[in-house]
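Presented below is the structure to which this report refers.
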Amino acid sequence: MSNIGVLIEISDDGVKEANFGVLTAAHGGGSHVIYAFVCGVSADSVVGALQEYGVQKVVELAVDGVDPASNPELLSAALADAINHFEIEALLGLSSASGRDILARVAALTGSPLLQDCVGIDLTSKTITKSHFSGKTVASIKVNSNPFMCSLRPNTIEAQTAPCTAEVLNYDTSAQTSGKLVVKEVKQSQSKTVDLTEAAIIITGGRPIAAPDNYKILQECADLLGAAVGASRAAVDAGFAPHSMQVGQTGKTVSPKLYIGCGLSGSVQHFAGMKTSKIIVAINTDKDAPIFGKCDYGIIGDLFEVVPALTEVLKEQG
Ligand SMILES: Cc1cc2nc3c(=O)[nH]c(=O)nc-3n(C[C@H](O)[C@H](O)[C@H](O)COP(=O)(O)OP(=O)(O)OC[C@H]3O[C@@H](n4cnc5c(N)ncnc54)[C@H](O)[C@@H]3O)c2cc1C
């Protein structure tokens, strides 16, 4: 039995859904002891959710009594210390902006190997899977050292419950930092929209969206589905959406359970960022559009008719 650490990300609603797939990977069918590292909330408030996914130890981190949640330097120092203290063999996290940042810092502090944006992991054989060259090749990487850090692309590993009873631990370290990073203020985002890279459902509008305001049609549907809204590069280049919404080779890589592409031709570059989606639905007016050869379900129709109709049905269903 080896000890596997998981850095848990928290949102306003508690434990982020995307963590559960990472916990399933860490659980490995029950052959490892999972340590869930939390900060920013009390361990007691999240233990119920975490123990449903096989977590045996929930560790609330502090540095000299201070919650390290808002200071990446402090948090990574606390994690590096905790890895040593709890004899953690691998630290897993989400391949989110924050997860990638923190795991890279911990890898540097502990002199450990770092694998980012992985799509699979077998902790028994220590083999990690990574998608390369826009998904054209898949690399299997064997790790030969302890500990190692690995961030997993959200939603690539299906979450499976593995209920158990977890112990709550408080670990207050006196980890040293350079003090170069000082957090002066933490501002909450005004936006309540779902993060694109972690969303379980994404609805994307391409070039025919034609105006920034028309994304409201997608947003209304997305709000009912609990989805995030994305854009193609053609739409971004035309000024209809910000680059932060772009999916694809030069945009974000996403892996939702459901991807609804509205007015997308199905370019290789767009697919590079979303081809690992579980189910792809395409809405396109052209029955010969390449996307119809790459999707699971296709609707030949005008997005300005199909999406509002879907929204109406969702509203009726409450
Ligand atoms: C180096 C490089 C990097 C790139 N990176 C990216 C990237 O990260 N992301 C990305 O998206 N692209 C990227 N591209 C651009 C990519 O090649 C395509 O040009 C782009 O993806 C096309 O966007 P689109 O599908 O929205 O538009 P189009 O190719 O113009 O397709 C629009 C589709 O909408 C259909 N349509 C028209 N009207 C309607 C309607 N009312 N309702 C429904 N369907 C309708 C049309 O039949 C058509 O199939 C990159 C290109 C290069 C060279």
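The values are calculated or read from the model by the stated rules, or taken from the named source; none is laboratory data. Predicted, not measured: the structure shown is a model, and the values here were computed from it. Heads up, the Cβs are rebuilt from the backbone with ideal geometry, glycines too, and the neighbour counts pull from every protein chain shown. In case anyone asks, the SASA skips ligands and DNA or RNA and just uses the protein heavy atoms, side chains included. Shrake-Rupley method; radii C 1.70, N 1.55, O 1.52, S 1.80 Å.
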Quiz item: In Å, what Rg and Dmax follow from the Cα atoms of region 196-317?
Solution: 12.7, 38
Self-check item: Which of GLN269, GLY318, ALA227, positive extreme of dipole for the chain (C-beta unit charges)
Solution: GLN269
Quiz prompt | Dipole axis of the chain (+1 Lys, Arg; -1 Asp, Glu on Cβ), positive-most option in ILE34, SER134, ALA69 | solution = SER134
Self-check item: Separation of alpha-carbon centers, region 288-318 and region 208-282, rounded to whole Å
Solution: 13
Practice problem: Among DSSP beta bridges lying fully in region 100-194, give the percent that are antiparallel, nearest 5. | Solution: 75
Practice problem: Out of all DSSP beta bridges with both ends in the chain, state the antiparallel percent to the nearest 5. | Solution: 20
Quiz prompt | Euclidean distance between Cα centres, region 134-158 to region 13-62, Å | solution = 20
Quiz item: Of all the stretches in the chain, which is the longest one without any exposed loop site, taking trypsin sites (Lys or Arg not before Pro) in a DSSP loop (any state but H, G, I, E, B) with at most 12 other Cβ atoms within 10 Å?
Solution: 1-135
Quiz item: Using only the Cα atoms of region 144-214, what do you get for the radius of gyration and for Dmax, in Å?
Solution: 20.7, 56
Quiz item: Which whole number in µm²/s is D for the chain by Stokes-Einstein, with the Kirkwood Rh taken over Cα pairs at 25 °C and 0.890 mPa s?
Solution: 118
Quiz prompt | Per-residue ³J(HN,Hα) for region 46-53, Karplus 6.51 cos²θ - 1.76 cosθ + 1.60, θ = phi - 60°, Hz, x for Gly and Pro | solution = 10, 4, x, 5, 6, 5, 5, 10
Practice problem: Choose one of PRO163, VAL143, LEU303: the residue whose Cα lies farthest towards the positive end of the charge dipole of the chain (beta-carbon charges +1 Lys, Arg; -1 Asp, Glu; about the Cα centre). | Solution: VAL143
Quiz item: Taking only Cα atoms, what is the 0 to 90° angle, nearest 10, from helix 303-317's long axis to the longest principal axis of the chain?
Solution: 60
Quiz item: So how many Lys-Lys pairs in region 200-278 land under 19 Å Cα to Cα, not counting same-chain pairs under 8 apart?
Solution: 4
Exercise. Only Lys, Arg, Asp and Glu count, each charged at its Cβ (+1, +1, -1, -1), so figure out the dipole size of the chain about its Cα centre, rounded to 20 debye.
Key: 1080
Quiz item: Pick from ALA238, ALA69, ALA25: which is most flexible by mean-square fluctuation in a GNM of the chain where alpha carbon atoms under 10 Å apart are linked?
Solution: ALA238
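At a 1.4 Å probe, what is the % contribution of carbon and sulfur to the accessible area of the chain? Intermediate values should be presented prior to the final figure.
Values: 7510 of 14980 Å².
Carbon plus sulfur share of accessible area: 50 percent.
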Quiz item: Given H placed 1.01 Å from N in the peptide plane, which residues other than close sequence neighbours of ALA289 have an amide H under 5 Å from its amide H?
Solution: none
Quiz item: Rounded to the nearest 20 Debye, what is the dipole magnitude of region 2-173 about its Cα centre when Lys and Arg each give +1 and Asp and Glu each give -1 at the C-beta?
Solution: 880
Quiz prompt | All-pairs alpha carbon distance profile, region 2-173, 10 Å steps from 0, percent | solution = 11, 44, 37, 8, 1
Quiz item: With charges only on Cβ, +1 for K and R and -1 for D and E, what is the dipole size of region 83-209 about its Cα centre, in debye, rounded to 20?
Solution: 620
Quiz item: Got the relative contact order for the chain handy, in percent, Cα pairs under 8 Å and 6 or more residues apart?
Solution: 15
